[in-house]
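Here the structure comes first, spelled out in structure tokens, and everything after it is commentary.
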Amino acid sequence: MRTLISGGTVVGPTGAQAADILVEDERIVALAAPGSQVVTAFAEGARLIDASGRLVVPGGIDVHTHMEMPFGGTYSSDTFETGTRAAAWGGTTTIVDFAVQRKGEALRPGLDAWLAKAEGNCAIDYGFHMIVSDVNEQSCQEMDVLVDEGVTSFKLFMAYPGVFYSTDGEILRAMQQARTNGATIMMHAENGIAIDLLVSQALSRGETAPRFHASTRPDELEAEATSRAIALAKVTGAPLYIVHLTTTGAMEAVAEARGQGQNAFAETCPQYLFLSADDLAREGFEGAKYVCSPPLRAREHQANLWRGLRTDDLSVVSTDHCPFCFKEQKELGREDFSKIPNGLPVVEHRIDLTYQGVVTGEISLARWVEVNATTPARMFGLYPRKGVLAPGSDADIVLYDPSATQTISSTTHHMNVDYSAFEGLAITGRVDTVMSRGRLVIEAGRYVGDKGHGRYLPRKTNEYLM
Ligand SMILES: [Zn+2]
């Protein structure tokens, strides 16, 4: 099966050019000048996709999703089937989700459980990081085995005491292991011990509304935890990746470490670029729709986060997609904000929302591709199979209409959740056509994918290590 994508503007991390893309079966075989002899010869008998007026970009890679994630007595509302389908609608063709080690168990049963949930259900390719919630000698030894098998990143939590939380000693021990096996340690950097005290004090004062979710998780406790994680990583020499960074202070800590040559990296998420603590303070219980951790911050951080994306202090945009329905799920916390399940539905909107940064001049077109696809692929061992349009790479290709307009709404989104955190937001740009390993998934506004198409991706280690 041959496919010719012609007439588009191909965008990669180094810029844009007019080029046609030649696809054979699941792979890209060549990029060629439009109208060149090789194109004419290839076109014979090939399926033709007209990309004129479109940006042609590598399929997005979202390295932070939580499908069917158990949290606070419920599960995130997107399954691997509905979540990967929604991702595809939004131009994402690879997710890296998080398998969870249960306390008292080994890593392996957790990984096997998540592999089983995903198997046969994904519309796009997928990989896994591993959440280590029980750091001990055995789980550290097991990390080595998983790295060899393609799980090359492990997430630890400085937040959520009693659930995922690791002590500084446990973090140090896991980092020592990562230093020797090449894995990247991903860190949820918030000081959970201090936060839990602030939460219980707030509740005892009768402060139960959603907005207190933000006031009990102040900026400083993210910046402090980020600095502490950086220090622990420096002591051990382990690569560190701060997930969902939200504040200027935390970003400055990462920038300083990077300036000193440390292997420290960070991502942010669209919700921190577009939403703020004001949304948590919406009338009545509406604010529950915006409860995620770290919390949405004061608006003034947003410009700094965009700057970080420009300067590479922030290397990646992921979504931390972890949707909970307003009815019956977010409502669990009606009388107590600390019982509102943490997480937002975002996987479908990452490419579109970051494209607004191109429209407003915050980031370049090339940088848009880099933070959404190329860097996540290189950071998490999927490059050059993913994250770039080049000969030999998987034909994960998105045609993007840069001049279309749309309004985000729960009535039109495809995520399995009953509200949108971006309801009514009018934006420019829209995904037009999505191909995963040579197979069309979205075509002319229709889903034409198949839930069994997505394959598990074993990953190599981080390419950015110095
Ligand atoms: Zn997460």
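The values are calculated or read from the model by the stated rules, or taken from the named source; none is laboratory data. Predicted, not measured: the structure shown is a model, and the values here were computed from it. As a convention, Cβ positions derive from the backbone with ideal geometry for all residues, glycine included, and neighbour counts pool all protein chains shown. Ligands, DNA and RNA are excluded from the accessible area calculation, which covers all protein heavy atoms including side chains. Shrake-Rupley method; radii C 1.70, N 1.55, O 1.52, S 1.80 Å.
What accessible area, in Å² to the nearest ten, does a 1.4 Å probe give for GLU335? The value for GLU335 is about 140 Å².
Roughly speaking, to the nearest percent, how much of the chain's 1.4 Å accessible area is carbon and sulfur?
Working: 8290 of 16390 Å².
The computed percentage sits at 51.
When ARG297, ARG205, ARG228, ARG307 are compared by accessible surface with a 1.4 Å probe, the order from highest to lowest is ARG205, ARG307, ARG228, ARG297. For segment 276-380, the alpha carbon positions stretch 46, 29, 21 Å along the principal axes, listed from largest to smallest. Charge dipole (Cα centre; +1 on Lys/Arg Cβ, -1 on Asp/Glu Cβ; no other charges) of the chain amounts to roughly 400 debye. Relative to the longest principal axis of the Cα atoms of the chain, helix 248-259 runs at roughly 70 degrees.
The H on the amide N of VAL96, modeled in the peptide plane, is under 5 Å from the matching H of ASP62, VAL63, HIS64, THR65, GLY127, each at least 5 residues off or on a different chain. Bridges between two residues of the chain, per DSSP, are antiparallel at a rate of about 50%.
Here the alpha carbons of segment 335-452 define both size measures, Rg and Dmax, at 16.2, 56 Å.
Derived value for segment 203-354: Kirkwood hydrodynamic radius 16.0 Å. Basis is the mean of 1/r over every pair of different alpha-carbon atoms.
Can you give the charge dipole size of segment 191-340 about its Cα centre, rounded to the nearest 20 debye, using +1 on the beta carbon of Lys and Arg and -1 on the beta carbon of Asp and Glu? Working shown, then result.
Values: 16 positive and 21 negative charges, 24 e Å.
Charge dipole of segment 191-340: 120 debye, to the nearest 20.
The helix-based estimate of mean residue ellipticity at 222 nm for the chain, built from -39,500 (n - 2.57) per DSSP H run of four or more residues and divided by its residue count, is -9000 deg cm²/dmol to the nearest 500. Could you work out the longest stretch of the chain that avoids the chymotrypsin sites (Phe, Trp or Tyr not before Pro) located in DSSP loops with at most 15 other Cβ atoms within 10 Å? With a cap of 15 other Cβ atoms within 10 Å, the longest stretch comes to 1-325.
Exceeding 32 Å between C-alpha atoms, which entries from my cross-link table qualify? They are LYS330/LYS451; LYS327/LYS451; LYS155/LYS330; LYS103/LYS289; LYS289/LYS460. Long pairs (Cα-Cα over 32 Å): LYS289/LYS460.
Where does helix 168-181 land angle-wise versus the long Cα axis of the chain, in degrees 0 to 90, nearest 10? The two axes meet at around 30 degrees. Amide hydrogen proximity for THR152: with H placed 1.01 Å from N in the peptide plane, the residues at 5 or more positions away or on another chain lying under 5 Å are ARG459. Distances between placed amide hydrogens fall under 5 Å for ALA404 paired with GLY429, ARG430, all partners being 5 or more residues away or on another chain.
What the Cα convex hull of segment 310-366 gives, in volume per residue, is 113 Å³. Bridging of LYS339 to aspartates and glutamates at a Cα separation below 17 Å is possible for ASP196, GLU207, GLU286, GLU328, GLU331, once same-chain residues fewer than 8 apart are set aside.
Note on segment 60-122 and segment 295-324: Cα centroid distance 22 Å, given to the nearest whole angstrom. With Cα atoms as the point set, segment 1-116 shows a radius of gyration and Dmax of 19.9, 62 Å. Can you find, among SER77, ALA33, THR94, the residue farthest towards the positive end of the dipole of segment 1-100? Put +1 on the C-beta of Lys and Arg, -1 on that of Asp and Glu. Comparing the listed Cα positions along the dipole, ALA33 ranks first. With the whole protein complex present, ASP320 retains an accessible surface near 20 Å², based on a 1.4 Å probe.
If Rh is defined by the Kirkwood formula over all Cα pairs and Rg also comes from Cα, what ratio Rg/Rh do you get for the chain?
On the way: Rg = 21.3 Å, Rh = 22.2 Å.
Rounded to two decimals, Rg over Rh is 0.96.
Taking only the C-alpha atoms of segment 151-199, Rg followed by Dmax gives 11.8, 38 Å.
How many Å² of accessible area per residue for the chain, probe 1.4 Å? Don't jump to the answer; show the numbers that get you there.
On the way: 16390 Å² over 466 residues.
On a per-residue basis, 35 Å².
Taking the Cα centre of segment 315-435 as the origin, how large is its charge dipole in debye, to the nearest 20, when only Lys and Arg (+1) and Asp and Glu (-1) carry charge on their Cβ atoms? Intermediate values should be presented prior to the final figure.
On the way: 10 positive and 15 negative charges, 62 e Å.
So the magnitude is around 300 debye.
If you average the C-alpha positions of segment 18-59 and of segment 406-466 separately, how far apart do those two centres end up, in angstrom? That distance is 22 Å.
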